[in-house]
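The values are calculated or read from the model by the stated rules, or taken from the named source; none is laboratory data. This is a predicted model, so every value here is computed, not measured. All Cβ positions, even for glycine, are placed from backbone atoms using ideal geometry, and neighbour counts span all protein chains on display. Each accessible area value is taken on the protein alone, full model and side chains, heavy atoms only, with ligands, DNA and RNA left out. Shrake-Rupley method; radii C 1.70, N 1.55, O 1.52, S 1.80 Å.
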Amino acid sequence: MMQQPPELPPTITFVPWANAFTPEEMDRIEGVGDVLPLAQAGLMTDIAANTRDRIRITRTAWLDSIAVNKWIYDRIQQITTMINAMSYRFELTGFSERIQYSVYHGTEGGHYDWHVDQGPLVTRRKLSLSLQLTDPLHYQGGDLQFLAGSRIETGPRDRGMLIAFPSYGVHRVSPVTAGTRKSLVIWITGPQFR
């Protein structure tokens, strides 16, 4: 079910890839994530909980790179390679962090305010990806948005949509106002930009 996007400019804000997984595969991924122990997500800096909650209210867990999850990692790696070849052309080395399972509940105003996926990390994130797990009819708000100069661009919300973007891009998940939004968050690393 994978489709290859057309040649894209290397400066594009984000690249959407529809139907990265079949509906049945999406159900399997959600099943894997739903049995993981969720915890309130932190930030890269130590701050008070009330300040943290203004920036981010997200429940997260981690999909280990083990045999049962290998097919998920393999598919994402395959699509990432194609997207990168068609657009960004970054020098990438692959996964160096586990895949994050993220849950945003409307009952608690789940969100993640404007941020970049870089900072004081051991690894060098170069390409970030978000896989939309939830049907957009099952939640309100929760848009993946990008700051592109003076305008805000919103990523597609379709279930199975994989959205790739440079890790240095400013982005957010707007507050979920009803329902629950689930996604996978992936970071691909590589050597320092030249």
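Overview of results
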| read-out | value |
| --- | --- |
| Qualifying residues in the range 21-38 (those that are in contact with a Lys or Arg (Cβ under 7 Å, 6 or more places away or on another chain) and among the aliphatic types (A, V, I, L, M)) - the one nearest to residue 159 (Cα to Cα) | 26 |
| In the range 149-194, residue most open to solvent (accessible area, probe 1.4 Å) [restricted to those that are of a type in the set (A, V, I, L, M) and out of contact with any helix residue (DSSP H, G or I) (no Cβ under 9 Å at 6 or more places or on another chain)] | 152 |
| Of all residues making up the range 130-180, the number that are of a type in the set (S, T, N, Q) and assigned to a loop (DSSP other than H, G, I, E, B) | 4 |
| The range 122-136, residues that are open to solvent by 30 Å² or more (accessible area, probe 1.4 Å), farther than 20 Å from residue 58 by Cα and not charged (D, E, K, R) | 122, 123 |
| Single residue of 88, 101, 112 found to be under 22 Å from residue 146 (Cα atoms) and part of a loop (DSSP other than H, G, I, E, B) | 88 |
| Output for the range 25-51, where each listed residue is in a helix (DSSP H, G or I), open to solvent by 60 Å² or more (accessible area, probe 1.4 Å) and at pLDDT below 75 | 50 |
| Test: residue 73 is modelled with pLDDT of 95 or more and of a type in the set (Phe, Trp, Tyr) | yes |
| Within the range 59-76, tally of residues that are open to solvent by 60 Å² or more (accessible area, probe 1.4 Å) and in contact (Cβ under 8 Å) with a residue 60 or more places away in the chain | 0 |
| Residue in the range 96-114 that is at pLDDT 95 or above and among the basic types (Lys, Arg) present | yes |
| Selection status of residue 80, in contact with a strand residue (DSSP E or B) (Cβ under 8 Å, 6 or more places away or on another chain), buried (at least 20 other Cβ atoms within 10 Å of the Cβ), over 25 Å from residue 54 (Cβ atoms) and of a type in the set (S, T, N, Q) | yes |
| Residue within the range 113-120 that is out of contact with any Phe, Trp or Tyr (no Cβ under 9 Å at 6 or more places or on another chain) and surrounded by 19 or more Cβ atoms within 10 Å (Cβ to Cβ) present | no |
